[in-house]
């Protein structure tokens, strides 16, 4: 089945938006000849709330049907970050979904990770049928990493610093900002002052503290801007 191509142009990932209302916009394309498809609908939803039908403006680009979409949405409760999900559907039943994370508060000021690494995945770790198994494997890896870094953490404590992490986040890999190429699970460690508020360690499996999820993603936003 032919699926649409979908791009989210605004807002940019990990940017600050107004909870009282912001515009999500972008474009989607159907396939061209010899079997052209047409975009029938595009919806936008925030977190787990009901989707909103976007306003569509139709055109053509390189013999393909292109649709520009725009939808006004609000954020109803919950803490940062918030997931904005856009889904495009064509006239043969094909769909494509993209998502970004946004914030309603300014990013934290203590900076990007001290060091980080990526693990590539062809499977979306947020898909329900895989989510629990992948989360279990990630938690096992986090525990192993923390155990290995415990001696280093002890050294940092001698100079009044705390090693926190790894916090992790899932990002979609895109080629030329449009072509889906899999997913990456990004792990980051931070060095913070000893009085910084952290999520406490949970020994024996997890022997290092973590940043709050919102703080970790906020710092990644700073690193990407």
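Figure legend. Inter-residue proximity from the range 5-19: first residues in the same structural domain as residue 31 (by TED's automatic domain parsing), second residues in a loop (DSSP other than H, G, I, E, B) and buried (at least 20 other Cβ atoms within 10 Å of the Cβ), beta-carbon distance below 7 Å, spacing 6+ or different chains. Indicated pairs: 11/17; 19/75.
Taking the stated definitions as given, is residue 175 under 20 Å from residue 127 (Cα atoms) and either modelled with pLDDT of 75 or more or in contact with a strand residue (DSSP E or B) (Cβ under 9 Å, 6 or more places away or on another chain) (or both)? Considered against the rule, which asks whether it is under 20 Å from residue 127 (Cα atoms) and either modelled with pLDDT of 75 or more or in contact with a strand residue (DSSP E or B) (Cβ under 9 Å, 6 or more places away or on another chain) (or both), residue 175 comes out as no.
The combined condition, being in contact with a helix residue (DSSP H, G or I) (Cβ under 7 Å, 6 or more places away or on another chain) and in contact (Cβ under 8 Å) with a residue 24 or more places away in the chain, is not fulfilled by residue 143. With respect to the conditions (1) at pLDDT 90 or above; (2) surrounded by 13 or more Cβ atoms within 10 Å (Cβ to Cβ), residue 167 falls short on a single one, namely (1). Residue 156 fulfils the conditions (1) out of contact with any strand residue (DSSP E or B) (no Cβ under 9 Å at 6 or more places or on another chain); (2) in a helix (DSSP H, G or I) except for a single criterion, (1).
The values are calculated or read from the model by the stated rules, or taken from the named source; none is laboratory data. Given the structure is predicted, the values throughout are model-derived calculations rather than measurements. Cβ coordinates were reconstructed from backbone atoms using ideal geometry, including for glycine residues, and neighbour counts include every protein chain displayed.
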